[in-house]
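Asks: To start, I am sharing the structure in question, which I have written as structure tokens.
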Amino acid sequence: MLRIKTVKKLRDYTLDVDINAEGTVILMGNNGSGKTTVLNMAAGVTRPDAGIIEASDRVLFDSRTGVDVPMEDRNVGYVFQNYALFPHMSVYDNVAFGPRMREVRDVEERVRGELEELGMWGLRDAKAVRLSGGQKQKVALARCLAARPSLLLMDEPLSALDVEMQGSIRDHIKRRIREAHIPAVIATHSLLDAAELGDRVFVMDTGRVAAGGAPEDILKKGVNKFMDNFFR
């Protein structure tokens, strides 16, 4: 279960959202609509002015009771749009970073498993700075999943991949989320991402949820202005 009911005063508008859903939540909307801010609040990067954030029966933020779990203690996996890899560390060390910080015993098994599934094991010794955009995005995904997060956040996770690769990585993400039984929030402009990964889709417009529901109900013409742009 995921609940994000928050208010945050931004430069151009006040973000005011109420998201309550099971499974994988898809956030869609134009650039600047507030999608990434919602992800940042869930991660603990941005502090809401008021509200509550709850994931997997754990309260991460509650302005009423004063709960504000530090970012490093939230056990949130975040695939940033700009990857946020450690550039001069190897692919292996980037993916191993989370498990090592948590002092788990199966670091080698986790890292190898994630990289092999994404076809990146052969590049394990390469420096992240030398990777292509698509390769960096795969490593960012592997690093996130290797840490076994209790909440998964993704900002345009497939945008740097070609169409053929997107399909296989999309299947990988869907399967891993299902296996982990964790809530996930994915910000995307892709109709395929929304249709194939989402249990619920929320369309944002200037900091508000303009529409929300099952993918088959939201991803069609006539629901809202944002979706209508796809059918012009």
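Asks: Sort out which residues of region 32-73 are among the basic types (Lys, Arg) and surrounded by fewer than 20 Cβ atoms within 10 Å (Cβ to Cβ), and write them in order of number.
Replies: Arg47, Arg58, Arg64 - these are the residues of region 32-73 that are among the basic types (Lys, Arg) and surrounded by fewer than 20 Cβ atoms within 10 Å (Cβ to Cβ).
Asks: Can you name the number of the only condition in (1) in contact with a helix residue (DSSP H, G or I) (Cβ under 8 Å, 6 or more places away or on another chain); (2) over 21 Å from Phe80 (Cβ atoms) that Lys225 fails?
Replies: All conditions pass for Lys225, except number (1).
Asks: Of Ala140, Ala96, which residue is among the aliphatic types (A, V, I, L, M) and modelled with pLDDT under 95? Steps first, answer last, please.
Replies: Numbers: Ala96 fails: modelled with pLDDT under 95.
Being among the aliphatic types (A, V, I, L, M) and modelled with pLDDT under 95 holds for just one of Ala140, Ala96, which is Ala140.
Yes or no, residue by residue, for (1) under 17 Å from the mean Cα position of the chain (by Cα); (2) exposed (fewer than 15 other Cβ atoms within 10 Å of the Cβ); (3) within 14 Å of Thr24 (Cβ to Cβ); (4) touching a residue at least 40 places away in the same chain (Cβ under 8 Å):
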{"position": "Asn75", "(1), (2), (3), (4)": "yes, no, no, yes"}
{"position": "His88", "(1), (2), (3), (4)": "no, yes, no, yes"}
{"position": "Pro99", "(1), (2), (3), (4)": "no, no, no, yes"}
{"position": "Leu123", "(1), (2), (3), (4)": "no, no, no, no"}
{"position": "Ala128", "(1), (2), (3), (4)": "no, no, no, yes"}
{"position": "Ser159", "(1), (2), (3), (4)": "yes, no, no, yes"}
{"position": "Val185", "(1), (2), (3), (4)": "yes, no, yes, yes"}
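Asks: If you don't mind, there's one more thing I want to ask. Quick one: count up the residues across region 46-68 that are within 28 Å of Ala195 (Cβ to Cβ) and either at pLDDT 95 or above or touching a Gly at 6+ places or on another chain (Cβ under 6 Å) (or both).
Replies: The total comes to 3.
Asks: Right, here's the next one. With respect to Arg148, determine if the residue is charged (D, E, K, R), part of a loop (DSSP other than H, G, I, E, B) and closer than 24 Å to Asp171 by Cβ.
Replies: Taking the combined requirement at face value, the residue satisfies it.
Asks: Taking region 185-224 as the search range and keeping residues that are assigned to a helix (DSSP H, G or I) and among the aliphatic types (A, V, I, L, M), which one is farthest from Leu145 (Cα to Cα)?
Replies: Filtering region 185-224 for residues that are assigned to a helix (DSSP H, G or I) and among the aliphatic types (A, V, I, L, M), the one farthest from Leu145 (Cα to Cα) comes out as Ile218.
Asks: Could you give me the residue pairs with C-beta distances under 6 Å whose first residue belongs to region 214-232 and is farther than 12 Å from Asn30 by Cβ, whose second residue is in a helix (DSSP H, G or I) and modelled with pLDDT under 70 wherever it lies, and which are 6+ apart or on separate chains?
Replies: Going by the 6 Å Cβ cut-off, the qualifying pairs are Lys221/Phe231.
Asks: Among (1) surrounded by fewer than 21 Cβ atoms within 10 Å (Cβ to Cβ); (2) closer than 28 Å to Val203 by Cα; (3) of a type in the set (D, E, K, R); (4) at pLDDT 95 or above, there is one condition Arg112 misses while meeting the rest; what is its number?
Replies: (2)
Asks: Of the numbered conditions (1) within 27 Å of Leu192 (Cβ to Cβ); (2) under 18 Å from the mean Cα position of the chain (by Cα), Leu15 satisfies every one except a single condition; which is it?
Replies: (2)
Asks: Pick out the one residue from Gly66, Gly29, Gly23 that is in the same structural domain as Ile182 (by TED's automatic domain parsing) and in contact with a helix residue (DSSP H, G or I) (Cβ under 6 Å, 6 or more places away or on another chain).
Replies: Gly29
To keep it simple, each residue is scored yes or no on (1) closer than 19 Å to Asn94 by Cβ; (2) among the aromatic types (Phe, Trp, Tyr); (3) touching a Ser or Thr at 6+ places or on another chain (Cβ under 6 Å); (4) buried (at least 22 other Cβ atoms within 10 Å of the Cβ).
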{"site": "Ala146", "(1), (2), (3), (4)": "yes, no, no, yes"}
{"site": "Arg175", "(1), (2), (3), (4)": "no, no, no, no"}
{"site": "Ala195", "(1), (2), (3), (4)": "no, no, no, no"}
{"site": "Asp205", "(1), (2), (3), (4)": "no, no, yes, no"}
{"site": "Arg208", "(1), (2), (3), (4)": "no, no, no, no"}
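Asks: Tell me whether region 58-69 contains one or more residues that are closer than 12 Å to Lys5 by Cβ, charged (D, E, K, R) and in contact with a Lys or Arg (Cβ under 7 Å, 6 or more places away or on another chain).
Replies: No, because not a single residue in region 58-69 is closer than 12 Å to Lys5 by Cβ, charged (D, E, K, R) and in contact with a Lys or Arg (Cβ under 7 Å, 6 or more places away or on another chain).
The values are calculated or read from the model by the stated rules, or taken from the named source; none is laboratory data. Quantities reported herein were computed from a predicted structural model and do not represent experimental measurements. Positions of Cβ are backbone-derived with ideal geometry, glycine not excepted, and every protein chain shown enters the neighbour counts.
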